[in-house]
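Asker: I have a structure I would like to understand better, so I am pasting it below and will then ask my questions one at a time.
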Amino acid sequence: MREFRQWKAYGQVEPFGVERDDFRAAIVAATVAQAMGAKHVKFSDYMASHYIDMKPQDSVEQLAAKFKQFAVQHNRKQKKTKP
């Protein structure tokens with residue numbers, strides 16, 4: 001659990017993953033559009049719509065509770081499938 005919280009905190013300080021890659025791509029697209037003469041262009045114009053409509057993320061405690069619930073269910077299934 002401690003390691004999970006550390007990774008979550010690191011992700012808030014130094015974002016990584018697909019979401020961050022999409023953010024960077026939108027910045028590049030907006031920069032290219034501006035270089036080609038587009039006026040009043042923002043990087044958010046190039047973000048996928050599901051990022052614009054995103055709700056705030058769960059807290060670390062909420063994510064930890066969801067993960068624990070998943071682990072319990074997963075372990076139950078594993079016990080049932082063992083010969």
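The values are calculated or read from the model by the stated rules, or taken from the named source; none is laboratory data. What you see is a predicted model; the values in this text were computed from it and never measured. Note that we place each Cβ from the backbone using ideal geometry, even for glycine, and neighbour counts take in every protein chain shown.
Asker: What residue, among those in the range 18-44 that are modelled with pLDDT under 85 and among the charged types (D, E, K, R), is surrounded by the most Cβ atoms within 10 Å (Cβ to Cβ)?
Answerer: Asp22
Asker: For the range 1-46, which residues satisfy the criterion of being under 14 Å from the mean Cα position of the chain (by Cα) and more than 21 Å from Phe70 (Cβ to Cβ)?
Answerer: Tyr10, Gln12, Val13, Glu14, Pro15, Phe16, Arg20, Asp21, Asp22, Phe23, Arg24
Asker: Here's another thing I want to ask about it. How many residues are in contact with a helix residue (DSSP H, G or I) (Cβ under 8 Å, 6 or more places away or on another chain) and surrounded by fewer than 10 Cβ atoms within 10 Å (Cβ to Cβ) when one looks only at the range 1-17?
Answerer: Residues that pass the stated criteria total 2.
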